[in-house]
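Undergrad: To start, I am sharing the structure in question, which I have written as structure tokens.
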Amino acid sequence: MCLNRKDLGLLALRGAVGGVLIVHGAQKLFGWFGGGGLEGTAQAMEHMGFHPGRQSAIAAGAGEAGGGVLLVAGLATGAAGAVVAGTMAGAVAVHAPAGFFATSGGYEYPAFLGTAGLALGLAGPGRYSLDHLTCHVLDRPWMGLAAFGASVAGAYGVVARRRHVVRLREERAAMEADAQEGSGLS
């Protein structure tokens, strides 16, 4: 059996990206690897403007861990890539105000993970995968297209709702500051 460099590269990339996502999802869902667990993540999600916090924490953790597991296995790779890209779109929205670079809290890292998931979903898993072993029964082109369409719609809805919640929060804070200033309590 001759090993194929392209397929080995896809296996390595799937393992690295999927592994990182599994760990991040496990932090959110179970509190492993120093994470906040479901309760801590739910509180953080509420603070970031994702409502309801618990469901948002479950969705983010499942998107990361589940998408990561599927990428590592090379199973339903088109759908896995779509899930990862959509999940990371929400993280990008949170980090975008801090700019691009991760060193200043920017969106560099989640954008990279989302793009890597997208690229793997489009490229396919390669020969060293469960998709290849099962004759791509869960990796049909139409499935990937449908998953990416659903992911775009879902990510748009989640990010738009978060943006609305954050805007309302900022307006409320401005009104309270004006009220404080007007009452002479400043």
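The values are calculated or read from the model by the stated rules, or taken from the named source; none is laboratory data. Bear in mind the structure is a predicted one, so any value in this text is a computation, not a measurement. Reconstructed Cβ throughout: ideal geometry from the backbone, glycine too, with neighbour counts over all protein chains shown. We work out accessible area using only protein heavy atoms, side chains counted, and drop any ligands, DNA or RNA first. Shrake-Rupley method; radii C 1.70, N 1.55, O 1.52, S 1.80 Å.
Undergrad: Has region 66-83 got at least one residue that is touching a Lys or Arg at 6+ places or on another chain (Cβ under 8 Å), open to solvent by less than 30 Å² (accessible area, probe 1.4 Å), touching a residue at least 12 places away in the same chain (Cβ under 8 Å) and in a loop (DSSP other than H, G, I, E, B)?
TA: yes
Undergrad: Mind checking which residues of region 94-128 are of a type in the set (D, E, K, R) and within 24 Å of Thr41 (Cβ to Cβ)?
TA: Filtering region 94-128 for residues of a type in the set (D, E, K, R) gives 108, 127.
Hit for region 94-128 is Glu108, nothing else.
Undergrad: Sticking with this one: For residues in region 11-46 being in contact with an Asp or Glu (Cβ under 9 Å, 6 or more places away or on another chain) and either of a type outside the set (A, V, I, L, M, F, W, C) or more than 28 Å from Ala119 (Cα to Cα) (or both), which is surrounded by the fewest Cβ atoms within 10 Å (Cβ to Cβ)?
TA: Among them, the one singled out is Gly31.
Undergrad: Restricting attention to region 148-165, which residues are over 14 Å from Gly124 (Cα atoms) and surrounded by 14 or more Cβ atoms within 10 Å (Cβ to Cβ)? Reasoning before the result, please.
TA: In the first step, residues of region 148-165 are kept if they are over 14 Å from Gly124 (Cα atoms); the result is 149-165.
Answer for region 148-165, where residues must be over 14 Å from Gly124 (Cα atoms) and surrounded by 14 or more Cβ atoms within 10 Å (Cβ to Cβ): Ala150, Ser151, Val152, Gly154, Ala155, Val158, Val159, Arg161, Arg162, Val165.
Undergrad: Please go through region 43-62 and give me each residue that is farther than 20 Å from Ile22 by Cβ and not basic (Lys, Arg), ordered by number.
TA: Once the filter is applied, which keeps residues that are farther than 20 Å from Ile22 by Cβ and not basic (Lys, Arg), region 43-62 yields Gln43, Glu46, His47, Met48, Gly49, Phe50, His51, Pro52, Gly53, Gln55.
Undergrad: Could we say that Gly61 is modelled with pLDDT of 95 or more and over 17 Å from Val94 (Cα atoms) here?
TA: Values: modelled with pLDDT of 95 or more: yes; over 17 Å from Val94 (Cα atoms): no.
No; evaluated as a whole, the condition is false for this residue.
Undergrad: Here's another thing I want to ask about it. Step by step: first the residues of region 125-144, then only those that are touching a residue at least 60 places away in the same chain (Cβ under 8 Å) and open to solvent by 100 Å² or more (accessible area, probe 1.4 Å), then the one that is farthest from Gly114 (Cα to Cα). Which residue is that?
TA: Among them, the one singled out is Arg127.
Undergrad: Could you go through region 166-174 and let me know if any residue there is open to solvent by 70 Å² or more (accessible area, probe 1.4 Å), in a helix (DSSP H, G or I) and touching a residue at least 40 places away in the same chain (Cβ under 8 Å).
TA: There is at least one residue in region 166-174 that is open to solvent by 70 Å² or more (accessible area, probe 1.4 Å), in a helix (DSSP H, G or I) and touching a residue at least 40 places away in the same chain (Cβ under 8 Å).
Undergrad: Still on this structure, I have one more. Could you please give the count of residues in region 47-65 that are touching a Ser or Thr at 6+ places or on another chain (Cβ under 8 Å) and either aromatic (Phe, Trp, Tyr) or surrounded by fewer than 18 Cβ atoms within 10 Å (Cβ to Cβ) (or both)?
TA: Count: 1.
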